[in-house]
């Protein structure tokens with residue numbers, strides 16, 4: 001890296017950086033191995049709130065990437081941490097799956113559809129009209145509206161799927177209330193990851209494949225950022241943004257040799 005400040009911590013996005021669906025990106029397994037051998041702290045970040053860290057570890061392991069469960073940080077975990085700090089021991093009506101409900105249970109939250117403190121929207125593959133209608137009515141009655149991330153769509157082997165941001169827009173249109181998003185590009189996601197590691201922004205690098213989520217949130221959290229070109233943002237698209245990453249590389253494989261030399 002051209003910046004000679006020491007590097008004590010690495011944060012990296014998952015999809016588009018380490019994997020494409022179930023397939024490892026070349027160099028990803030070597031990058032994670034290098035991080036573990038270096039002794040430096042690291043987290044793999046994802047806006048995906050469907051799965052628990054244990055689920056995601058198993059998914060990555062099937063792709064040949066061995067990431068410890070405790071080194072995975074999701075928007076669901078960040079959301080749970082935020083709510084526990086804002087309103088300890090609160091209650092929530094949750095539209096989401098195990099990754100989100102487990103994270104909220106673990107911080108002491110109660111799941112209820114009777115006068116909850118919050119309506120919390122996460123990603124799911126089984127959105128129901130009944131659940132969305134219930135969320136709308138609870139928000140109208142005063143529940144605070146939280147969403148794990150603003151991603152409007154997500155990939156699948158069969159094609160594009162609607163994601164949290166799309167359903168949040170539906171609820172917002174019906175209620176006139178906008179959610180507070182916790183996941184990227186909110187720099188809160190990065191800061192919560194740093195807090196988990198007791199790390200500092202000055203000595204941390206964020207690796208991502210999207211200028212509009214990974215890079216901007218890393219930048220706003222005070223991190224150095226690396227854009228890899230194996231995901232959503234192409235080299236030509238970088239010039240369309242009013243900000244730049246600290247470095248652009250073709251793939252995660254180009255970073256293996258830098259781990260351990262910070």
Output for region 212-239, where each listed residue is buried (at least 16 other Cβ atoms within 10 Å of the Cβ), assigned to a helix (DSSP H, G or I) and touching a strand residue (DSSP E or B) at 6+ places or on another chain (Cβ under 7 Å): 214, 215, 218, 219, 238
Go through region 7-16 and give me each residue that's modelled with pLDDT of 95 or more and part of a strand (DSSP E or B). 9, 10, 11, 12, 13
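Quick one: would you say residue 76 is touching a strand residue (DSSP E or B) at 6+ places or on another chain (Cβ under 7 Å) and at negative phi?
Criteria not met by residue 76.
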Count of region 17-49 residues which are assigned to a loop (DSSP other than H, G, I, E, B), more than 14 Å from residue 253 (Cβ to Cβ) and either within 20 Å of the chain's Cα centre (by Cα) or not assigned by TED's automatic domain parsing to the domain that holds residue 225 (or both): 5
If the requirement is being within 20 Å of residue 252 (Cβ to Cβ), in contact with a helix residue (DSSP H, G or I) (Cβ under 7 Å, 6 or more places away or on another chain) and either in the same structural domain as residue 18 (by TED's automatic domain parsing) or in contact (Cβ under 8 Å) with a residue 60 or more places away in the chain (or both), which of these qualifies: 223, 197? 223
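Residues being assigned to a helix (DSSP H, G or I) and either touching a strand residue (DSSP E or B) at 6+ places or on another chain (Cβ under 6 Å) or more than 19 Å from residue 32 (Cβ to Cβ) (or both): count how many of those fall in region 240-254.
Summing the residues that are assigned to a helix (DSSP H, G or I) and either touching a strand residue (DSSP E or B) at 6+ places or on another chain (Cβ under 6 Å) or more than 19 Å from residue 32 (Cβ to Cβ) (or both) in region 240-254 gives 1.
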Scan 45, 56 and give me the residue that is surrounded by fewer than 23 Cβ atoms within 10 Å (Cβ to Cβ), under 21 Å from residue 151 (Cα atoms) and in contact (Cβ under 8 Å) with a residue 24 or more places away in the chain. 56
Leading residue by the ranking (farthest from residue 252 (Cα to Cα)) among those in region 62-76 that are in contact (Cβ under 8 Å) with a residue 60 or more places away in the chain and in a helix (DSSP H, G or I): 76
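The values are calculated or read from the model by the stated rules, or taken from the named source; none is laboratory data. In this text, all values refer to a predicted model and were calculated from it rather than measured experimentally. No Cβ is skipped: glycine too gets one built from the backbone with ideal geometry, and neighbour counts run over all protein chains shown.
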